[in-house]
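The values are calculated or read from the model by the stated rules, or taken from the named source; none is laboratory data. Fair warning: this is a prediction, and the values are worked out from it, not measured in the lab. Every residue, glycine as well, gets a Cβ built from its backbone with ideal geometry; the counts of neighbours run over all protein chains shown. For accessibility, only protein heavy atoms count, side chains too; no ligands or nucleic acids. Shrake-Rupley method; radii C 1.70, N 1.55, O 1.52, S 1.80 Å.
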Amino acid sequence: MKLLTHNMLTSKCVKGVNVGYPLTINASDVRVADVDFNPDFISRLIPKIDWPVLYNAAESLGHVEDLPKETPVNYENNEEFLKKAHRALLEVEVVHGELVCPESGRKFPINNGIPNMLLNEDEV
Amino acid sequence: MSLQTPLYNLNDFPDVYEPSEDTHLFIDALEKDMKHIINSKPTLACEIGCGSGVLIAALAKILKSTCCYFCTDINPKACIATTRTAKMNKVPLECTRMDLTTNLKCKFDIILFNPPYVLTEELEIFGCGLNRAFAGGLRGRSVTDRLLNNLNDILSDNGVCYLLLLKENNIGEIGEKMGEKGFKIKLVIQRKIPGEHLFVYKFSKA
Ligand SMILES: C[S@@+](CC[C@H](N)C(=O)[O-])C[C@H]1O[C@@H](n2cnc3c(N)ncnc32)[C@H](O)[C@@H]1O
């Protein structure tokens, strides 16, 4: 699971949960993979990202490095920033661990990079 | 531009849907529409019910690092098979086990769904095994209708959803219902194979 995916995942569908976002990450195995950098794509992606959630997720995994707390103005032309965003969004991966719903405490395991968000029928 | 079926190996995955005529028709539909897809510059793509993962891998091989590729399946083995397909084809697929796109809060620019479309008893829609690849309930639409009812919320304004349908799914009625909701519906490709008349349609916000 990349932090990009974490940025989109919610547990809102759990019975009684209103927002279910962001999910807490408890990671036991984190890896950094090499992914092709495409500045135009990252620029298009950033408006769709909840930046503070990305920042906090990277920080909680110990991979915040020099990621800025806020997106700079005119980031489209700021290749240095786009590379940092690329790394946090696409290269840091949680291989094993769990996601935790902030409201209900329901845990969702992550195995081999795949989060299991499927609920039992009595939970929806 | 020609789209080849991506590499896959399901030897260790007897419970995962083997790419079949419907899968190949879907790949042909994507090939036929590829110019549109490239020109629309999608940022977020999602395949629902990825099975072996070959459809989303085919899309990823064309769009490469210009887009991100989410995919979902309720079958845990399908999720693992898809990550293997991703490795074999060197494409970055983000697979999560879930129902439809329930746990993803973004709106997608492109959605692919080759659903369980076979007409069956509703009772056959149970568990998370291979039966879920086929069993579509009474009109073969129990899963498809749940997606369509929700499509407005999960598709971006310029987004397109590609959906495989069977003649018996009563496509006329689907068109009418979605038309009333303000969707534009267009046939991309159709094929008759022994016992089945298959169609791939695309849905967009008009
Ligand atoms: C006809 S198979 C298609 C597999 C693959 N996409 C292909 O074209 O070869 C349908 C897939 O949808 C999955 N599926 C069925 N119901 C689902 C649901 N509610 N949410 C997510 N996936 C589902 C099945 O497990 C199966 O892998």
Checklist outcome for this item: Simple SL model, points at 7 angstrom along Cα→Cβ for A:Val100 and B:Lys184; separation in nm is 4.8
Next on the checklist: How much length would be gained if the chain were fully extended between B:Glu18 and B:Lys90, taking 0.36 nm per residue of separation minus their Cα-Cα distance, in nm to one decimal?
Outcome noted: 23.9 nm
Next on the checklist: From the P(r) of the protein assembly as shown, could you give the percentage of C-alpha pairs in the tail past 30 Å?
Outcome noted: 32
Next on the checklist: Tell me the carbon and sulfur percent of the accessible area for the protein assembly as shown, rounded to whole percent, probe radius 1.4 Å.
Outcome noted: 49
Checklist entry - Per-residue ellipticity at 222 nm for the protein assembly as shown, helices alone: DSSP H runs ≥ 4 residues times -39500 (n - 2.57), over residue total, nearest 500 deg cm²/dmol? => result -8500 deg cm²/dmol
Next on the checklist: How large is the Rg to Rh ratio of chain A when both quantities use alpha carbon positions and Rh follows Kirkwood?
Outcome noted: 1.00
Next on the checklist: For a quick size check, give me the Cα extents of the stretch B:1-76 along its three principal axes, largest first, whole Å.
Outcome noted: 38, 22, 17
Checklist outcome for this item: Probe 1.4 Å, protein heavy atoms only: B and A together bury a total accessible area in Å², to the nearest 100, of 2200
Checklist entry - Expressed in nm², what is the orientationally averaged projection area of the convex hull enclosing the Cα positions of the stretch B:117-206? => result 6.2
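Out of the stretch A:66-118, which GluC sites (Glu not before Pro) are coil in DSSP terms and have no more than 13 other C-beta atoms within 10 Å?
A:Glu70
Within the P(r) computed for chain B, what percentage of the Cα pairs occupies the region above 31 Å?
10
Relative to the Cα centre, what is the charge dipole magnitude of the protein assembly as shown, using +1 at the beta carbon of each Lys and Arg, -1 at the beta carbon of each Asp and Glu, and rounding to the nearest 20 debye?
Roughly 600 debye for the protein assembly as shown.
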Item to check | Residue-normalised accessible area of the stretch B:42-113, expressed per residue, 1.4 Å probe, Å² | outcome: 26
Checklist entry - Where Lys and Arg each count +1 and Asp and Glu each count -1, what net charge lies around B:Met34 among other residues with Cβ under 14 Å from its Cβ? => result +3
Checklist entry - Over all distinct Cα pairs, what is the inverse of the mean 1/r for the stretch B:42-113, reported as the Kirkwood hydrodynamic radius in Å? => result 11.7
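Using 1/(1 + (r/R0)^6) with R0 = 25 angstrom and r between the beta carbons of B:Lys64 and A:Ala33, what's the FRET efficiency to the nearest 0.05?
With R0 = 25 Å, the Cβ-Cβ based efficiency is 0.95.
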